[in-house]
Amino acid sequence: MAATRVVVDIPGERPYDVRIGEGILADLGTKLAPVLEAQPPSRILIITDSNVAPLYLDACKQGLAALGCPISDITLPAGEEAKCIDVLAEVWNAMAALGLARDSVVVALGGGVVGDLAGFAGATFMRGLRVVQVPTTLLSMVDSSVGGKTGINLEAGKNLVGSFLQPSYVCASTDVLATLDVREWACGCAEIAKASVIDSDDFFFWLVENASLLAERNPDVVLEAIARSVVFKANVVAQDKTESRGVRECLNYGHTLGHAIEALAGYGTYSHGAAVAEGMRFAARLGQTLAGTPLELVEAQDALLDELGLPVLDWSAPAEDILAAMKRDKKNRQGAVRFVLPADVGQWELTAVDDETILEHLRLYFGE
Ligand SMILES: NC(=O)c1ccc[n+]([C@@H]2O[C@H](COP(=O)([O-])OP(=O)(O)OC[C@H]3O[C@@H](n4cnc5c(N)ncnc54)[C@H](O)[C@@H]3O)[C@@H](O)[C@H]2O)c1
């Protein structure tokens with residue numbers, strides 16, 4: 001099976017490879033050796049979680065053996081709750097107890113939770129070690145492993161503490177996706193759909209054409225969907241590494257309503273992807289009023305999300321409660337609620353929307 005390589009080249013950063021392919025965990029060490037050549041690691045620490053460890057920790061260790069240095073591992077409890085200060089402190093203490101040094105390398109083997117926490121542990125221990133991302137969920141392959149955002153949650157909100165640290169290398173071994181359940185699969189598909197709408201006609205219509213094959217996990221289509229999403233994310237991040245130039249915001253398409261649904265329904269009730277998909281449906285309709293979004297796009301996106309296993313949610317709440325939840329989101333604390341609106345495929349706008357317009361559209365959308 002073919003493997004493919006995307007180079008992430010961000011101004012001011014060392015370019016790094018995202019390698020995508022089936023079975024590529026097996027030669028991770030061989031591929032990493034030249035990347036780490038300038039400072040071969042005295043020790044590698046794999047950070048993983050309790051679901052992934054029994055499935056892929058041994059394979060990851062075997063893949064890294066070619067580097068010929070001692071390999072330690074830490075297993076976190078699976079789930080979003082692990083992305084917290086207590087678990088992070090345990091990881092820092094374990095890193096110290098293991099004698100990690102400035103030349104050590106952290107390998108994040110898992111989904112976005114492991115990637116974010118291990119990335120932040122690596123970014124902060126001894127003021128920063130090198131981090132290698134080995135994403136094992138579809139979402140982490142297409143989104144969180146690329147772009148350098150790391151961090152943890154606080155009681156006060158998600159991802160409130162963190163830093164930017166680009167990984168030295170990303171290894172997306174698609175065979176590990178075989179054990180991912182339907183909910184997590186659809187979750188990753190939502191981020192792929194999001195990327196396609198924001199990116200281009202080429203990506204969007206390719207995805208529309210191949211949506212049922214992606215839902216069935218056809219290996220060639222999975223590989224191409226991941227590669228296209230990584231190319232998209234790499235381009236966005238290259239233009240706006242730290243979300244300060246108004247470009248990286250496009251990655252929040254669907255997230256304004258999506259975050260509000262997650263918060264109001266209770267975290268975990270719906271997957272992040274299912275909530276984002278609902279947010280994309282809503283944002284496209286809001287776009288019809290505010291950004292000239294064509295009806296054809298609204299309908300094509302609806303059909304795409306249906307096909308990817310992301311149906312309309314059987315959920316609603318009073319429009320005022322949804323608006324209040326949007327305003328509590330950290331991205332909107334400074335004033336009016338902002339939406340990424342697709343004026344058309346590949347053409348997005350970041351628009352501050354007044355309360356009345358949001359309420360009116362929420363009532364229309366949720367049929368109040
Ligand atoms: N850094 C970023 O740019 C960025 C972007 C998007 C999301 N995120 C973060 O990512 C996190 C969500 O990531 P996620 O969706 O990967 O969730 P996750 O890491 O919790 O993984 C989902 C579940 O799948 C399990 N799992 C992982 N790989 C598996 C495999 N191959 N087979 C079977 N089970 C497997 C995990 O143990 C977990 O139970 C959130 O914390 C979010 O904030 C970060």
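If you take the residues of segment 150-189 that are touching a Leu at 6+ places or on another chain (Cβ under 9 Å) and charged (D, E, K, R), which of them is nearest to the ligand (Cβ to nearest atom)?
E184
Cβ contacts < 9 Å: first residue assigned by TED's automatic domain parsing to the domain that holds A101, restricted to segment 58-76; second residue of a type in the set (D, E), any location; separation 6+ or different chain. Result?
Going by the 9 Å Cβ cut-off, the qualifying pairs are C60/D73; K61/D73; G63/D27; A66/D27; I74/E90; T75/D49; L76/D49; L76/E90.
Checking the structure you have, find out if any residue of segment 275-294 is under 14 Å from the mean Cα position of the chain (by Cα) and among the charged types (D, E, K, R).
No, because not a single residue in segment 275-294 is under 14 Å from the mean Cα position of the chain (by Cα) and among the charged types (D, E, K, R).
Name the pairs: first residue in segment 142-164 and farther than 13 Å from I85 by Cβ, second residue assigned to a loop (DSSP other than H, G, I, E, B), Cβ to Cβ under 6 Å, at least 6 apart or on different chains?
Final answer for the pair search is G148/L165; G148/Q166; T150/L165; F164/G148; F164/T242.
Within the group T269, T351, T289, which residue is in contact with a Ser or Thr (Cβ under 9 Å, 6 or more places away or on another chain) and assigned by TED's automatic domain parsing to the domain that holds R248?
Working: T269 fails: in contact with a Ser or Thr (Cβ under 9 Å, 6 or more places away or on another chain); T351 fails: in contact with a Ser or Thr (Cβ under 9 Å, 6 or more places away or on another chain).
After applying the criteria, what remains is T289.
Any residue that is modelled with pLDDT under 95 and of a type in the set (A, V, I, L, M) - is there at least one of those in segment 41-51? Steps first, answer last, please.
Narrowing segment 41-51 to residues modelled with pLDDT under 95: none.
No, segment 41-51 contains no residue that is modelled with pLDDT under 95 and of a type in the set (A, V, I, L, M).
Across segment 260-310, which residue is farthest from G79 (Cα to Cα) among those that are surrounded by fewer than 22 Cβ atoms within 10 Å (Cβ to Cβ) and charged (D, E, K, R)?
Looking at residues that are surrounded by fewer than 22 Cβ atoms within 10 Å (Cβ to Cβ) and charged (D, E, K, R), I get E296.
Among the numbered conditions (1) within 16 Å of the ligand (Cβ to nearest atom); (2) surrounded by 20 or more Cβ atoms within 10 Å (Cβ to Cβ), tell me where A211 comes up short.
(1)
Enumerate the strands (runs of 3 or more DSSP E) found wholly within segment 104-207, keeping only those where 2 or more residues are assigned by TED's automatic domain parsing to the domain that holds P294 and buried (at least 21 other Cβ atoms within 10 Å of the Cβ). Reasoning before the result, please.
Details: elements: 105-110, 130-135, 149-154, 157-164, 169-173.
Strands (runs of 3 or more DSSP E) meeting the threshold: none at all.
Is there any pair with a first residue in segment 269-288 that is closer than 16 Å to A303 by Cα and touching a residue at least 12 places away in the same chain (Cβ under 8 Å) and a second that is among the basic types (K, R) and within 14 Å of the ligand (Cβ to nearest atom) whose Cβ atoms are under 7 Å apart and which are 6 or more apart or on different chains, and what are they?
Sorted first by the residue in segment 269-288, then by its partner, the pairs are V276/K194; M280/K194.
The values are calculated or read from the model by the stated rules, or taken from the named source; none is laboratory data. Just so it is clear, the model here is predicted, and its values are computed rather than measured. Note that we place each Cβ from the backbone using ideal geometry, even for glycine, and neighbour counts take in every protein chain shown.
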